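**Student:** Below is one structure. I have some questions about it.
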Amino acid sequence: MNRNIIVLDTTLRDGEQVPGAKLNVQQKIEFAQQLKRLNVDIIEAGFPASSAGDFQAVQEIVRTVGDKVSITALARAVKNDIDAVYESIKLAQHPFIHIVLGTSNIHVDKKFNRSKEAVMQMGVDAVKYAKTLLPEVQYSTEDASRSDFEYLWQTIEAVVKAGATIINVPDTVGYAVPEEFGELIRKINERLKNLNGKVILSVHCHNDLGLATANTLSAIHNGADKIEVTINGLGERAGNTSLEEVVMGLKVRENYYGCTTNIQTTELLKTSRLLTHLTGLDVQVNKAITGENAFAHSSGIHQDGLLKDRQVYEIMTPEEVGGESMELILTARSGRHAFKNAVEKMGFDVSNAEDFEVLFGKFLALADAKKEVYDHDVFYLVTNHRTMDESASGHLYELESFQVVTNDLYPTATVKLKKGSEVYKDSAVGDGPVDALYSVLKSLVGLDVQLKDYKINSLSRGKEAVGRVNIRVEHQGKIYSGRAMDTDIIKASALAFLNGINAVLLDASADASGSAPAAK
Ligand code: KIV
Ligand code: ZN
């Protein structure tokens, strides 16, 4: 009989640790709703002790999807972190606490500077404390793949005896290779079954050697019942295991693995694209399952074979991953139904009828002005609409007008901004037009930010430009990103920068209104 593999999506926790991938609360909720449609079993919603904003975002995710999807969040093995997780997830239907503590010599010696016994005791105490709050507790033996096996096992045995119900074995630094990692999981699984057959064995891999999917599949083959993955493989450094790759690997090769998942695979592309839109981080074109070319056949021999029978060169169909819905070009005559379909296809929630009517009005205005409306227009329309409330509340910047003069002596920018009823204007010179523009914007908003990255790209049909920036807030060291689209490249650049600044303000206001227990 097939085994069902439990899928935990950690895009909103491990994925969000990527510089520039920070989402605001509204975006996290949008993405969590899509994860619900994808039918993941568990969402790891964040690391609530890290900031009041993260704490609040986890609470909001619980409120929005916690009735249907199991929710967890990360804690280090300290009381404050565990309290923050409990307080943020306790209203979910199936909440559990996730504790992480290292087991490798390098973690024990260098990170904690304590004896192995003392570190293990910290883990046991943390589990015992978490069990006083919730019945389900997951324990992650960080850097497990570089740990001394007997110490790793002693830790697992001790935390299971203390009450841990899920043991998660991470390849934290992407060091493992498939045969070795599979063997590690086989050994742990064998002992765990003898110790307590009810405990779930889970794995969490990183992709530093490009082996995260292979390692995860090898672990499943050797007994792991739960996997931790992210959409598009987003995550620290080279990323985490990609959800879509493992899920489709299990589906296409069910004859080999004998495993299934609850994932609604027809939602995969939509979820991937939503994440790309929200984070601005593109997927490589040849990425398995979700890359633009994943189902494109260009050679004559392949095209000929496909026309005879798709199975000649296709092991899965684009339809299985939701690829049948080609982009439709909308016009003012497309009507409500077609527009709603386009918005839903991007992964946005349109269940609020009143809100949808307002959005539809904006679409008609855009369609009148542009004549043809593409997917990227729809995306910017929806995201701008969803942040409108914030600008209306008067604490975000809006671009009122600008003028940029470029020459080889003094490129100059003059900008007028609005925030609530306040108006700000000034001019600056720079090394070039964009430098002048960003200098004046920086001085107008009065934030000590550093431009880390700036890109301007034309969209496929060439009329619009998308500006993207990453800015670092100096006193926090945090990176925020902003994007914007316009037919004028200077305006797209200005709006992208301003959206980055607004992301800083949104984060600060979330932190100010949240109430997480302080992190240690
Ligand atoms: O990579 C890692 O070890 C982690 C743990 C918190 C599971 O992300
Ligand atoms: Zn990780």
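The values are calculated or read from the model by the stated rules, or taken from the named source; none is laboratory data. Computed from a predicted structure; not experimentally measured. In this analysis, Cβ positions are derived from the backbone assuming ideal geometry, glycine residues included, and neighbour counts consider all displayed protein chains. Side chains are part of the model used for accessible areas, which takes the heavy atoms of the whole protein and leaves out ligands, DNA and RNA. Shrake-Rupley method; radii C 1.70, N 1.55, O 1.52, S 1.80 Å.
**Student:** Could you list all residues from segment 173-184 that are under 20 Å from Val159 (Cα atoms) and assigned to a loop (DSSP other than H, G, I, E, B)? Quick ask: steps written out before the conclusion?
**Tutor:** Step one: list which residues in segment 173-184 are under 20 Å from Val159 (Cα atoms), which gives 184.
Listed by number, the list is empty, since nothing qualifies.
**Student:** Can you report the number of residues in segment 96-121 which are over 26 Å from Gln59 (Cβ atoms) and either among the aromatic types (Phe, Trp, Tyr) or surrounded by fewer than 16 Cβ atoms within 10 Å (Cβ to Cβ) (or both)? First the steps, then the outcome.
**Tutor:** Residues of segment 96-121 that are over 26 Å from Gln59 (Cβ atoms), as a first pass: 102-121.
Those still in the list that are either among the aromatic types (Phe, Trp, Tyr) or surrounded by fewer than 16 Cβ atoms within 10 Å (Cβ to Cβ) (or both) too: 105-106, 109-115, 117-118, 121.
Adding up the residues that qualify gives 12.
**Student:** For segment 409-511, which strands (runs of 3 or more DSSP E) that fit wholly inside it have 3 or more residues that are among the charged types (D, E, K, R), loosely packed, with under 15 Cβ neighbours inside 10 Å and in contact (Cβ under 8 Å) with a residue 40 or more places away in the chain? Step through it out loud before you land on a result.
**Tutor:** Numbers: elements: 412-419, 422-429, 449-458, 465-473, 478-486.
Once the strands (runs of 3 or more DSSP E) in segment 409-511 are filtered for at least 3 residues that are among the charged types (D, E, K, R), loosely packed, with under 15 Cβ neighbours inside 10 Å and in contact (Cβ under 8 Å) with a residue 40 or more places away in the chain, nothing remains.
**Student:** Something else: Consider segment 185-216. How many of its residues are assigned to a helix (DSSP H, G or I), within 22 Å of Val137 (Cα to Cα) and either of a type in the set (A, V, I, L, M) or not assigned by TED's automatic domain parsing to the domain that holds His98 (or both)?
**Tutor:** 4
**Student:** Just need a number here: residues in segment 258-269 that are part of a helix (DSSP H, G or I) and under 18 Å from Leu8 (Cβ atoms). Break it down stepwise before answering.
**Tutor:** Going residue by residue through segment 258-269, those that are part of a helix (DSSP H, G or I) are 265-269.
Filter once more, keeping what is under 18 Å from Leu8 (Cβ atoms): 265, 267-268.
Count: 3.
**Student:** Only residues that are open to solvent by less than 10 Å² (accessible area, probe 1.4 Å) and of a type outside the set (Val, Ile, Thr): list them for segment 51-85, please.
**Tutor:** Gly53, Phe55, Ala57, Gly66, Ala73, Ala75, Asp81, Ala84 - these are the residues of segment 51-85 that are open to solvent by less than 10 Å² (accessible area, probe 1.4 Å) and of a type outside the set (Val, Ile, Thr).
**Student:** Output the qualifying pairs, or none if there are none: Cβ atoms under 7 angstrom, residues six or more apart or on different chains, first residue in segment 236-260 and in contact (Cβ under 8 Å) with a residue 24 or more places away in the chain and farther than 16 Å from Ala288 by Cβ, second residue in a loop (DSSP other than H, G, I, E, B) and more than 16 Å from ligand 1 (Cβ to nearest atom).
**Tutor:** Pairs found: Gly258/Asn2; Cys259/Asn2; Cys259/Ile5; Thr260/Asn2.
**Student:** Pull out all pairs, ordered by first then second residue, where Cβ-Cβ is under 9 Å, the residues are six or more apart or on different chains, the first lies in segment 106-129 and is closer than 14 Å to Ser140 by Cα, and the second is among the aromatic types (Phe, Trp, Tyr).
**Tutor:** Val119/Phe112; Met120/Tyr151; Met122/Phe112; Gly123/Tyr139; Ala126/Tyr139; Val127/Tyr139
**Student:** May I ask you to say which residue of Glu400, Glu354, Glu372 is surrounded by fewer than 15 Cβ atoms within 10 Å (Cβ to Cβ), acidic (Asp, Glu) and in contact (Cβ under 8 Å) with a residue 40 or more places away in the chain?
**Tutor:** Values: Glu400 fails: in contact (Cβ under 8 Å) with a residue 40 or more places away in the chain; Glu354 fails: in contact (Cβ under 8 Å) with a residue 40 or more places away in the chain.
Only one candidate passes the filter, namely Glu372.
**Student:** Restricting the search to segment 23-67, which residues are more than 16 Å from ligand 1 (Cβ to nearest atom), more than 22 Å from Asn352 (Cα to Cα) and in contact with a strand residue (DSSP E or B) (Cβ under 6 Å, 6 or more places away or on another chain)?
**Tutor:** Passing the criteria: Val40, Asp41.
**Student:** For the condition open to solvent by less than 10 Å² (accessible area, probe 1.4 Å) and outside the structural domain of Tyr175 (by TED's automatic domain parsing), what is the one hit in Leu250, Leu281, Leu275, Leu243?
**Tutor:** Leu275
**Student:** Checking Gly174 against (1) within 15 Å of ligand 2 (Cβ to nearest atom); (2) at negative phi; (3) at pLDDT 95 or above, which single condition isn't satisfied?
**Tutor:** Of the numbered conditions (1) within 15 Å of ligand 2 (Cβ to nearest atom); (2) at negative phi; (3) at pLDDT 95 or above, the odd one out for Gly174 is (2).
**Student:** Same structure again: Taking the conditions exactly as written (in contact with a helix residue (DSSP H, G or I) (Cβ under 7 Å, 6 or more places away or on another chain), under 24 Å from Val203 (Cα atoms), surrounded by 24 or more Cβ atoms within 10 Å (Cβ to Cβ) and not hydrophobic (A, V, I, L, M, F, W, C)), does Pro48 satisfy them or not?
**Tutor:** Working: in contact with a helix residue (DSSP H, G or I) (Cβ under 7 Å, 6 or more places away or on another chain): yes; under 24 Å from Val203 (Cα atoms): yes; surrounded by 24 or more Cβ atoms within 10 Å (Cβ to Cβ): yes; not hydrophobic (A, V, I, L, M, F, W, C): yes.
Yes, satisfied.
**Student:** While we're on this one: Can you tell me which residue among Ala164, Ala224, Ala238 is within 16 Å of ligand 2 (Cβ to nearest atom) and open to solvent by less than 20 Å² (accessible area, probe 1.4 Å)? Walk me through it before giving the result.
**Tutor:** Numbers: Ala164 fails: within 16 Å of ligand 2 (Cβ to nearest atom); Ala238 fails: open to solvent by less than 20 Å² (accessible area, probe 1.4 Å).
Result: Ala224 is the single residue among Ala164, Ala224, Ala238 that is within 16 Å of ligand 2 (Cβ to nearest atom) and open to solvent by less than 20 Å² (accessible area, probe 1.4 Å).
**Student:** Further question on the same structure: Can you name the residue in segment 14-33 that is open to solvent by less than 20 Å² (accessible area, probe 1.4 Å) and in contact with a helix residue (DSSP H, G or I) (Cβ under 8 Å, 6 or more places away or on another chain) and is also nearest to ligand 2 (Cβ to nearest atom) among such residues?
**Tutor:** Filtering segment 14-33 down to residues open to solvent by less than 20 Å² (accessible area, probe 1.4 Å) leaves 14-15, 20-21, 23, 28, 30-32.
Going one step further and asking which of them are in contact with a helix residue (DSSP H, G or I) (Cβ under 8 Å, 6 or more places away or on another chain), we end up with 15, 20-21, 23, 28, 30-32.
On the way: Gly15: 9, Gly20: 18, Ala21: 14, Leu23: 18, Lys28: 18, Glu30: 23, Phe31: 18, Ala32: 19 Å.
Looking at the filtered set, the residue picked out is Gly15.
**Student:** Pick from Val108, Val119: which is farther than 17 Å from Ser202 by Cα, modelled with pLDDT under 95, more than 21 Å from the chain's Cα centre (by Cα) and outside any loop (DSSP other than H, G, I, E, B)?
**Tutor:** Details: Val119 fails: modelled with pLDDT under 95.
Answer to the selection: Val108.
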